[in-house]
Amino acid sequence: MKLDAFDYDLPDGRIATAPARPREAAKLLDMTSADGFADRQMHDFPDLCQPGDVIVVNNTSVIPARLSGYRGAAKISITLHKCEISGGSSHAPGFGSHWRVFAKPAKKCRVDDIIVFGDDFAARVLGRGEGGDVAVCFINPINDNAVVAGIDLEKSLARYGTMPLPPYISRPDGATTADESDYQTMFAQHPGAVAAPTAGLHFTPALAAQLTAKNVSIVEITLHVGAGTFLPVTVDDISDHKMHSEWGAISSHAASLIQTAQQSGHRIIAVGTTSLRILEACFQQHGSIQTFAGETDIFITPGFKFGVVDALLTNFHLPKSTLLMLISAFCGMGNVRAAYQHAIDGDYRFFSYGDACFMQRAAHPDIVTSLRSHTKEMRG
């Protein structure tokens, strides 16, 4: 399929630069009604759930992955996006010393260059890939360039790093103190993500309590979201796009709860595309949901056969993004096209800090209609 099929026009001012307060006040576009789209708010979400449903959330925690330093007199900024795992992809990445980062300007990063972030914290350039991708090893310049890993790296990032907000959230002076909590879900436990699983940002303890009271289970899995989620798709034919891999895990406890729900005919509801991706990646590999730990570069586009997720709560995604392709595969391009136009007409807020929509898996999704052409038609 062609990339232009996933384009749409977003009016100026629709990109949310801060979350709704309280978080349950965010708008929720209900796409599951037989009577058409319904405009709700997130505090209505429990009403859309059924007793026995299993809601799957991502408990990854965003790390302060953006660093600004100097290579000599040249200013270099980097964003960590993937820990280079030693010992194989079945091991949790944690805070190893070797990382892939996106650097600006990457052309100033040559092998063996040292990028200094503080007196006791720097990075040695090990290699350079494509699209600003650079391999580095974190070191301590005042300790004979000893490698910095584990708890020491975590402390150094906390001291020198900032929250890696997506590029469409304008912060000329960098992320704010409010962003440190706003860009973290209530489920965040396992550090490793460099982008938030943003559908989870809408949840609060009060909302979770309402779901539990309705006999709806909340199950946690992990997918460490990488900065590659913000990389634009640059190929004309989407089948030529290469996804960045991300590390994820499903515990035996989570797998058991999901299996039991499936066997009982209850719905599996993914909160966010990250939860959906790790569930479907596991299913693709094993044919069922079971204990899982490893990397996935699963790329879900129209025509994909889903095996686990029945419904999806997600935010509104960027034009021409892999996430827009994913939801188009899930509930049909025609449904997505109409829902996005409804959201634009209804003053919904878009992207990471924006509003949400709730959709169910289509039995026979329409995979041929262009989002852009339909948007133009509706606008005359």
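Reported to the nearest whole Å, the Cα centre-to-centre distance from the stretch 55-86 to the stretch 213-290 is 22. Other residues whose C-beta falls under 15 angstrom from the C-beta of residue 263 contribute a net charge of -1, scoring Lys and Arg +1 and Asp and Glu -1. With respect to the chain, whose longest principal axis is taken over its alpha-carbon atoms, helix 333-345 is tilted by about 80°. Among the trypsin sites (Lys or Arg not before Pro) within the stretch 314-356, not one is in coil by DSSP while having at most 15 neighbouring Cβ atoms inside 10 Å. Relative to the longest principal axis of the Cα atoms of the chain, the long axis of helix 322-331 makes an angle of roughly 20 degrees. Accessible surface computed residue by residue for the chain, with neighbouring protein chains in place and a 1.4 Å probe, gives 43 Å² per residue. Against the chain, whose longest principal axis comes from its Cα atoms, helix 273-286 is set at around 90 degrees. Overall form of the chain: prolate. Here a/c, set by the Cα gyration tensor axes a ≥ b ≥ c, is 1.5 or more, and a/b is the larger of a/b and b/c.
Which longest uninterrupted range of the chain lacks any GluC sites (Glu not before Pro) assigned by DSSP to a loop state (not H, G, I, E or B) and surrounded by at most 15 other Cβ atoms within 10 Å? It runs 131-380.
The values are calculated or read from the model by the stated rules, or taken from the named source; none is laboratory data. This is a predicted model, so every value here is computed, not measured. Glycine gets a Cβ as well: all are built from the backbone with ideal geometry, and neighbour counts include every protein chain shown. Areas reflect the complete protein model, heavy atoms only, side chains present, ligands, DNA and RNA absent. Shrake-Rupley method; radii C 1.70, N 1.55, O 1.52, S 1.80 Å.
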